[in-house]
1. I'd like the trypsin sites (Lys or Arg not before Pro) in the range 48-100 restricted to DSSP loop residues with at most 12 other Cβ atoms within 10 Å, sorted by number.
2. Where does the charge balance sit around T342 when Lys and Arg score +1, Asp and Glu -1, over other residues with C-beta under 13 Å from its C-beta?
3. Student exercise: in the range 334-479, how many lysine pairs 8 or more apart or on different chains have Cα atoms under 23 Å apart?
4. Out of [x] 41, 30, 20; [y] 47, 28, 23; [z] 43, 25, 23, which label holds the value of semi-axes √(5λ) of the Cα gyration tensor in Å that was computed here?
5. Cα-based Rg of the range 436-492 per 2.2 N^0.38 Å, rounded to two decimals?
6. Taking a cut-off of 26 Å between Cα atoms, list the lysines near K83, but don't count ones fewer than 8 places away on the same chain.
7. Obtain the radius of gyration and the Kirkwood radius of the range 277-322 from its C-alpha atoms and give Rg over Rh.
8. How much accessible area per residue does the range 166-260 have, in Å², with a 1.4 Å probe?
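The values are calculated or read from the model by the stated rules, or taken from the named source; none is laboratory data. Keep in mind that what you see is a predicted model, and the values were worked out from it rather than measured. Counting neighbours? That spans all protein chains shown, and the Cβs are built from the backbone with ideal geometry, glycine included. Just the protein is used for accessible areas: all its heavy atoms, side chains included, with ligands, DNA and RNA removed. Shrake-Rupley method; radii C 1.70, N 1.55, O 1.52, S 1.80 Å.
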Amino acid sequence: MWGSIVLFILFTAVFFSLPSMTLAVNPVCEPTTGTTIQLLDNNNTLIETTTLAPNSTTSSVRSTMNSAILSVSKFSKNGATGKRGTVLLSEGNFTASAFIVMRSGVTLEGTMENGKLVTTICTESRSDPVTIKILESQAGIKNLNLDGKRKTEDTVTGEPRKYYASRHRGIQVTAIDQTKSTDELASTYPTTDKDADAKRLKHITIEDVRISGYEGYGIYLEHVDGVTITGSDTIHKKSMNITDIGYAGIGGVSANNVTVKHTTVTDLWPGATVGSVQQSYGMAFSHRKVNTRDDAKTQAMFPPSHTIVVDGNVVANNPTWEGIDTHSGQNVSFTNNVILNTRFPIVVGGMEYDAGKMSAYPPRDITISGNRINSHRVGIQDDYEMYDIEKNDTITERGIAVTGSQFTDLTKREMGFLESIMIKGNYVGYVKAGEETQGGISIHVTKNAIIENNTIENSFNNGIVFLSSNKSTKLQRNKIHHVDKSEHNFIPAGIGIRGSHNNGNVNNDYAALPLTFTNTLIENDHTFDQVGREIHFQAGTSNNLLNNRIGIPPAFKNQHGSIFKAD
């Protein structure tokens, strides 16, 4: 009898624990409900229809989809566009056992009904962690939901959490072997000569795709030339949407000629742990970093990203790191974007080495124009309402931060100035800077920076801040309103000169060469309101030479102090 009672108690305990156990299980892909796969030629003429059997296995779904893509890749090619045809998936879920492989000339497209995407692809978590791999040029993805089914709790404790895993990706566009480390690729990675450029994947389009639940990247690009990521919803940016991502919504590595437009990236967490911080990105373009060699020749095998356009997008909800970023990018423009609930909205800089103790490979030819940071009213709506983003308690510590690097490269022979930077017509609001060197817009180690027609308001410490070593800077027609002091009681300023060696000779070698440049211009046409000091020189700075159009008394042009008196 006692044995029966014990068994009954055990059975009852297990039975009532089942719901909680079920809740603790990580989500899995839904069974396949999609039924047809249509093959169309480059004139959109239907050539063939394949019907999936009921209760198809995940391996058979993958095999059928890959076979359809391969078949279309053998259709005749349109000479002007390179397009061979389309693989069109019906409404429903297509659950595959592993990644789908795209071929040259093929577009993989889902079905739209009443303006909504109704086709979803999901790959099993035990399979390759990438859902779609583009390994050849002239391929496209359109009108699809990609569901990554992120892990949602600690596998040991069952507590809610999310994970970071770099190789868990929605779309991966590269022919570079992702199983090899950077050091392993150093001897085989394509270089920037003509032969290697021919090996870059070219003419890739990704349009109106919703990507969610990946622990690494929504879209990963490496060694490509000519990628367009765009949404057809130009107003609310909802049709091309990347959300719930562990590291980066869009990441480009040695990527050339990439355009991202009308795309929304939200909810980035937790990022990669680097030192004491978790680093995650909305959209970022850089290059592979050599970690184990202090070797400029080896690092040069991994060229920086070049010719990047990020225009008219929304990035939101990145509490620990950066919204839109380039490390060492060249000819990069960040224009007309909206960034909300993000710690560091726009960042431009070099690549860091030796655990952040040294930087090299400065970016150059950068345009940052027309962006809005932290809610600017558009008609009767602000950006949170316009783009359906809930305002949260994320603290923005910098607005737009641009910097060169300590050295041009790993030979460590020359200072790495960021040359040619335009920061124009941006709105920056509600930057709660915690340090006196932070503010709405900051520049550091630059040449020929132009900062004009920006509006900065409701922020701490500085509207615009000069850190050290900025040469031939021009500031004009900026509106700076309500700059307050932070809890650390720094002196607030509309324009803060917080570093030394602003202007002067190029190499900062003041023992050998005197201060000779006199063409840094802070024009007398800015609008200041409730900013503390309009212009403030930080105590302890030196070798600053600024043009006197702003009325700086001659005694203080080359010294620390305030515009009116020394501190």
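1. Passing sites in the range 48-100 are K74.
2. -1
3. Qualifying lysine pairs in the range 334-479: 15.
4. Structure-derived value, by its label: [y].
5. 1.14
6. Here the lysines satisfying the reach criterion relative to K83 are K74, K116, K133, K142, K194, K199, K202, K261.
7. Taking Rh as the inverse mean 1/r over Cα pairs, Rg/Rh reads 1.08.
8. 34 Å²
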